[in-house]
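The values are calculated or read from the model by the stated rules, or taken from the named source; none is laboratory data. Computed from a prediction, not measured in an experiment: that's the story for all the values here. For neighbour counting, all protein chains shown are included, and Cβ atoms are generated from backbone atoms with ideal geometry for every residue, glycine included.
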């Protein structure tokens with residue numbers, strides 16, 4: 001995936017694919033802005049449309065926080081942006097809404113994708129490959145030619161020759177594909193239970209408990225401060241003794257984490273390219289009967305009830321220590337068993353993360369189960385990207401013992417976190433049984 005280069009031709013491209021034309025990206029932008037994910041936020045619509053238009057005109061490199069603050073949010077040129085975070089908050093909201101859009105049927109089926117990368121206000125555009133793009137054009141022309149000539153007796157030898165040539169081309173293409181890409185072959189074997197299932201993949205997303213400040217807390221926080229367009233996005237700065245427990249209102253089953261959404265988006269897009277459907281539900285709204293014999297994908301660890309309930313037969317498991325630290329523990333090894341954790345930071349940031357990818361063939365549900373979960377949101381995001389990437393996942397799978405595809409599999413990985421983005425992970429432990 002490339003950044004915007006020249007607006008006069010295609011903009012952004014995937015490896016080996018033609019870049020989408022400006023008008024194709026504009027059409028996709030119109031679909032995104034009109035979607036339910038963006039319909040409720042005029043500012044998010046304005047933000048995304050503004051940065052895309054700048055990219056179309058070749059000005060993507062000039063997209064800076066101050067310019068967006070002035071031209072999109074109406075801030076004065078002298079505004080101190082160290083304290084006014086409206087642009088950064090707006091960019092996070094746009095990324096979240098893009099993630100929501102791309103897990104809808106319309107978003108997953110889109111052939112052109114628009115992204116706003118973390119740490120940048122310059123959008124990226126890329127074309128998503130369709131399955132029919134791998135059909136050799138020569139083979140298609142042979143079939144068409146045969147039907148034009150008709151299956152007359154005098155044409156039969158030629159048609160048989162064409163048919164054999166078609167089979168030969170198909171076989172050659174298959175041999176070329178798999179001999180040239182052992183990673184893709186391992187990736188295919190990993191996902192075959194889902195690819196071959198007649199049922200859609202049931203995605204069970206984590207359901208974090210979020211606290212809202214009460215109206216009284218918001219009023220206390222706003223007293224004496226300049227008005228703000230989004231008061232719910234201003235951090236509470238009320239003296240501790242001015243608030244009570246009643247000022248924090250628990251909100252159940254209404255939020256998902258950014259890392260969880262990215263993981264679901266990556267896997268859903270990969271499956272959409274292979275004409276596989278997904279059903280997305282909060283894990284808290286799923287009963288065990290809903291998952292019986294269905295292929296399921298568990299996203300998230302301690303905030304996903306089904307990850308925690310179904311991990312009882314796994315070697316590596318998530319747990320919550322009395323010090324409010326999430327850990328991955330090795331259930332084997334007695335008192336000397338291994339354990340992975342990261343420092344607990346109150347603001348949710350982390351310099352690194354550990355995460356697990358699990359592939360369980362004989363799950364307690366009676367069906368096929370996948371899991372992608374980190375100690376924090378960064379690891380869950382990295383797990384989702386890994387599962388959707390043939391090269392990255394395939395390279396790991398090829399190092400496992402032969403026959404892993406017919407067994408249960410767990411891999412524990414570690415990734416550094418740069419800013420808010422997980423880096424390329426390393427394997428720290430695995431188990432095949």
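Summary of computed values
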{"read-out": "Looking only at segment 173-230, and only at residues there that are at pLDDT below 70 and in a loop (DSSP other than H, G, I, E, B), the one that is nearest to residue 396 (Cα to Cα)", "value": "230"}
{"read-out": "Qualifying strands (runs of 3 or more DSSP E) (wholly inside segment 276-365; at least 1 residues being over 24 Å from residue 422 (Cβ atoms) and touching a helix residue (DSSP H, G or I) at 6+ places or on another chain (Cβ under 7 Å))", "value": "none"}
{"read-out": "Every pair of residues 6+ apart whose Cβ atoms lie under 7 Å, when the first sits in segment 308-322 and is at pLDDT below 90 while the second is in a loop (DSSP other than H, G, I, E, B)", "value": "320/302"}
{"read-out": "Pairs with Cβ under 8 Å, 6+ apart, first in segment 82-94 and in the same structural domain as residue 67 (by TED's automatic domain parsing) and within 17 Å of residue 51 (Cβ to Cβ), second at pLDDT 90 or above and part of a loop (DSSP other than H, G, I, E, B)", "value": "87/72; 87/121; 90/72; 91/116; 91/121; 94/116"}
{"read-out": "Subset of segment 376-420 [part of a loop (DSSP other than H, G, I, E, B), under 20 Å from the mean Cα position of the chain (by Cα) and farther than 17 Å from residue 301 by Cβ]", "value": "388, 389, 419, 420"}
{"read-out": "Residues satisfying the stated conditions in segment 300-328, i.e. in contact with a strand residue (DSSP E or B) (Cβ under 6 Å, 6 or more places away or on another chain) and over 23 Å from residue 283 (Cα atoms)", "value": "none"}
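Okay, residues lined up against (1) free of Cβ contacts under 8 Å to residues at least 24 places away in the same chain; (2) surrounded by fewer than 19 Cβ atoms within 10 Å (Cβ to Cβ):
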position: 391; (1), (2): no, yes
position: 394; (1), (2): no, no
position: 407; (1), (2): no, yes
position: 410; (1), (2): no, no
position: 413; (1), (2): no, no
position: 422; (1), (2): no, no
position: 426; (1), (2): yes, yes
position: 431; (1), (2): no, yes
